[in-house]
Amino acid sequence: MRVRNKPWASDFLKSHPDIAIQDPAAHKGKWKELFGNDHPIHIEVGSGKGRFMAGMAKQNPDTNYIAIELFQSVIIDVLQKVLDEELPNLKILNVNAEDLRDYFDYGEIDRVYLNFSDPWPKNRHEKRRLTFKTFLSIYEDILIKGGEVHFKTDNQGLFEYSLQSFSAYGMLLKFVSLDLHNSSYEGNVMTEYEEKFSKLGQRIYRSEAKFQTE
Ligand code: SAM
């Protein structure tokens, strides 16, 4: 994804440390304390501008959400949404998903969402795909036992790759849709990319994969 540099993004994030968490490692094992309740915590890895996270936070006030995004110049849009829509159950982390074990304890997270993850189509970039086995291992560690990864994409190649990756890892596929918008699935919250690609007539794929409990 091409990202335009916004020099003021860092200051904007730092000026709202209650939402854009500045020292996430300090909260490892204590995220529920930070939210001030015992509600489950769901994260989106690669949240982009956060339409999905903001929509989910509004729809489900009894769930806590954390938007995780590599680029400051993108994640500032999530911060703006939290400020505009007053969403106490949505926090922001400007970090690399590779390091999630540094920020979350074993079993601290209840669900992982991956939406329209970068496909990295070249074989030599396989390790960068957010559904590669090393990322699955990170999600397994920070998730509750039997935790789930919910995944949406318009990219058929990445979807097929990811289903194989989930399966090879020993995960159980609970739900697969090859055409989400023409399925009976209810309560879908669209992401920015989903809106863009579905307007172009692209099919949207969706899966729910569950880690084994033993
Ligand atoms: N989920 C959003 C949507 O559906 O509109 C954004 C999709 S965008 C194609 C993928 C996002 O994942 C980008 O914003 C990118 O910066 C982020 N990303 C990719 N690899 C990441 C990583 N290792 N850690 C955190 N974010 C990552």
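The values are calculated or read from the model by the stated rules, or taken from the named source; none is laboratory data. Bear in mind that the values here come from a model prediction, so they are computed numbers and not experimental data. As a convention, Cβ positions derive from the backbone with ideal geometry for all residues, glycine included, and neighbour counts pool all protein chains shown. Surface areas here come from the heavy atoms of the whole protein model, side chains and all, with no ligands, DNA or RNA. Shrake-Rupley method; radii C 1.70, N 1.55, O 1.52, S 1.80 Å.
Every test in (1) under 26 Å from residue 49 (Cβ atoms); (2) without any contact (Cβ under 8 Å) to a residue 24 or more places away in the chain; (3) part of a helix (DSSP H, G or I) is passed by residue 188 save one, and that test is (3). Residue 201: modelled with pLDDT under 95 and either of a type in the set (Ser, Thr, Tyr) or farther than 17 Å from residue 131 by Cβ (or both), yes or no? Criteria not met by residue 201. Residues in the range 49-73 that are over 15 Å from residue 88 (Cα atoms) and either out of contact with any Ser or Thr (no Cβ under 7 Å at 6 or more places or on another chain) or away from the ligand (no atom under 12 Å from the Cβ) (or both): 49, 70, 71, 73. So, of the residues in the range 204-214 that are over 18 Å from residue 132 (Cα atoms) and away from the ligand (no atom under 13 Å from the Cβ), which turns out to be surrounded by the most Cβ atoms within 10 Å (Cβ to Cβ)? The selected residue is 213. Looking across the range 24-46 at every residue that is in contact with a Leu (Cβ under 9 Å, 6 or more places away or on another chain) and within 16 Å of the ligand (Cβ to nearest atom), the one that is nearest to residue 104 (Cα to Cα) is identified as 24. In the range 190-198 there is at least one residue matching the filter, namely being within 16 Å of residue 42 (Cβ to Cβ) and surrounded by 13 or more Cβ atoms within 10 Å (Cβ to Cβ).
When you scan the range 165-184, how many residues do you find that are exposed (fewer than 12 other Cβ atoms within 10 Å of the Cβ) and assigned to a loop (DSSP other than H, G, I, E, B)? Of the residues in the range 165-184, 3 are exposed (fewer than 12 other Cβ atoms within 10 Å of the Cβ) and assigned to a loop (DSSP other than H, G, I, E, B). The set of residues from the range 57-77 being open to solvent by 20 Å² or more (accessible area, probe 1.4 Å) and aliphatic (A, V, I, L, M) comprises just one member, 70.
Within the range 36-58, residues that are at pLDDT below 95 have Cβ atoms under 7 Å from residues that are open to solvent by 10 Å² or more (accessible area, probe 1.4 Å) in no pair, counting only partners at least 6 apart in sequence or on another chain. All of (1) open to solvent by less than 60 Å² (accessible area, probe 1.4 Å); (2) within 22 Å of residue 60 (Cβ to Cβ); (3) outside any strand (DSSP E or B) hold for residue 150 with one exception: (3). The residue list 148, 140 contains one member that is among the acidic types (Asp, Glu), more than 14 Å from the ligand (Cβ to nearest atom), farther than 23 Å from residue 48 by Cβ and out of contact with any His (no Cβ under 8 Å at 6 or more places or on another chain), which is 140. One residue stands out among those in the range 78-110 that are closer than 18 Å to residue 54 by Cα and surrounded by fewer than 19 Cβ atoms within 10 Å (Cβ to Cβ): the one that is nearest to the ligand (Cβ to nearest atom), which is 80.
Taking the conditions (1) free of Cβ contacts under 8 Å to residues at least 60 places away in the same chain; (2) of a type in the set (Lys, Arg); (3) in contact with a Gly (Cβ under 9 Å, 6 or more places away or on another chain) in turn, residue 174 satisfies each one other than (3). Say whether the condition of being in a loop (DSSP other than H, G, I, E, B), out of contact with any Asp or Glu (no Cβ under 6 Å at 6 or more places or on another chain) and away from the ligand (no atom under 16 Å from the Cβ) is met by at least one residue in the range 113-135. No: the range 113-135 contains no residue that is in a loop (DSSP other than H, G, I, E, B), out of contact with any Asp or Glu (no Cβ under 6 Å at 6 or more places or on another chain) and away from the ligand (no atom under 16 Å from the Cβ).
All conditions but one from (1) small (Gly, Ala, Ser); (2) outside any loop (DSSP other than H, G, I, E, B); (3) open to solvent by 10 Å² or more (accessible area, probe 1.4 Å) apply to residue 54; the one that does not is (3).
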